[in-house]
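Accompanying notes for the structure given below.
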Amino acid sequence: MSVVHRVDETLKEGLLRGPLRAANAQVLFETPDSDWAARRSGPCVNVFLYGIEEDSSRTQSGGVSVVDEQGAVVGYGTPPRFFRLLYLVSVWAQSVQDEHRMLGTLLEWCVRTEELTVTGVPGRGDPGARLSLGLRETPPGAESAASRLWTSLGTPARPVLDLVVTVPLGRPTQDTGPAPAKGLALRALQLPDTAQRSGDPATTPPMSEPAQPVRRRSIQEMA
């Protein structure tokens, strides 16, 4: 499962268990163009991913330790890189009052919820196990992402929440190697009796003659 798919599933689960728990509404990630709006049936919340950008201000240098569930260091790596996934969240219902009511509930949830646990990522070792949530602020005088979206899709403008989800992506780690030794095991091995009686020719091995030195050949002899 890719990181974008994991973020989508985490957002969907968080919305259905949170602000949409009592609402009969779907969570869709399709492009909200005019054709989609014409085919839509029933209330829904559209979560449209319109951009991905790196947050280089949060990237750190140096090395980090990777720990397991017991807190033991199992590897070393570099700090993760952070990426912002940009979503436009819009509400589609039968009436404007219903849309505004649901949009207000979503706004309150976005303000209260600062982090989400990624779906299907158990354990503390994964740096992408938690997501940071926030609302994107448009600088004064700048054109908002929503206005550009509705203009390009040919859909009548409607209020949206510009949601920013920040996800850390870890880099490959280096294992620490085999675990250190925790002790030594000693074993006793019985050897055969090789003691020799002094002066007994039957048991005393004959002395070997000294080895004769090997004569080296000169280069002229080998030619």
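The values are calculated or read from the model by the stated rules, or taken from the named source; none is laboratory data. Because the structure is predicted, anything quoted here is derived from the model rather than measured. Positions of Cβ are generated from backbone atoms using ideal geometry, with glycine treated the same way; all protein chains shown enter the neighbour counts. Protein only, heavy atoms only, side chains kept; ligands, DNA and RNA dropped before computing areas. Shrake-Rupley method; radii C 1.70, N 1.55, O 1.52, S 1.80 Å.
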Matching residues, segment 128-165, being of a type in the set (S, T, N, Q), within 14 Å of LEU86 (Cβ to Cβ) and loosely packed, with under 13 Cβ neighbours inside 10 Å: THR138
Segment 37-54 - residue that is surrounded by fewer than 16 Cβ atoms within 10 Å (Cβ to Cβ) and in contact with a strand residue (DSSP E or B) (Cβ under 9 Å, 6 or more places away or on another chain) and, of those, farthest from GLN94 (Cα to Cα): GLU54
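A quick yes/no check of all residues on (1) modelled with pLDDT of 90 or more; (2) part of a loop (DSSP other than H, G, I, E, B); (3) of a type in the set (Phe, Trp, Tyr):
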position: TYR76; (1), (2), (3): no, no, yes
position: LEU86; (1), (2), (3): yes, no, no
position: VAL91; (1), (2), (3): yes, no, no
position: GLY104; (1), (2), (3): yes, no, no
position: VAL121; (1), (2), (3): no, yes, no
position: LEU131; (1), (2), (3): yes, no, no
position: PRO139; (1), (2), (3): no, yes, no
Subset of segment 21-36 [free of Cβ contacts under 8 Å to residues at least 60 places away in the same chain, under 32 Å from the mean Cα position of the chain (by Cα) and either open to solvent by less than 40 Å² (accessible area, probe 1.4 Å) or closer than 22 Å to THR155 by Cβ (or both)]: GLN26, VAL27, LEU28, PHE29, GLU30
Any pair with Cβ under 6 angstrom, 6 or more apart, that starts in segment 90-101 at a residue that is charged (D, E, K, R) and ends at one that is in a loop (DSSP other than H, G, I, E, B) and open to solvent by less than 100 Å² (accessible area, probe 1.4 Å): GLU99/ALA93
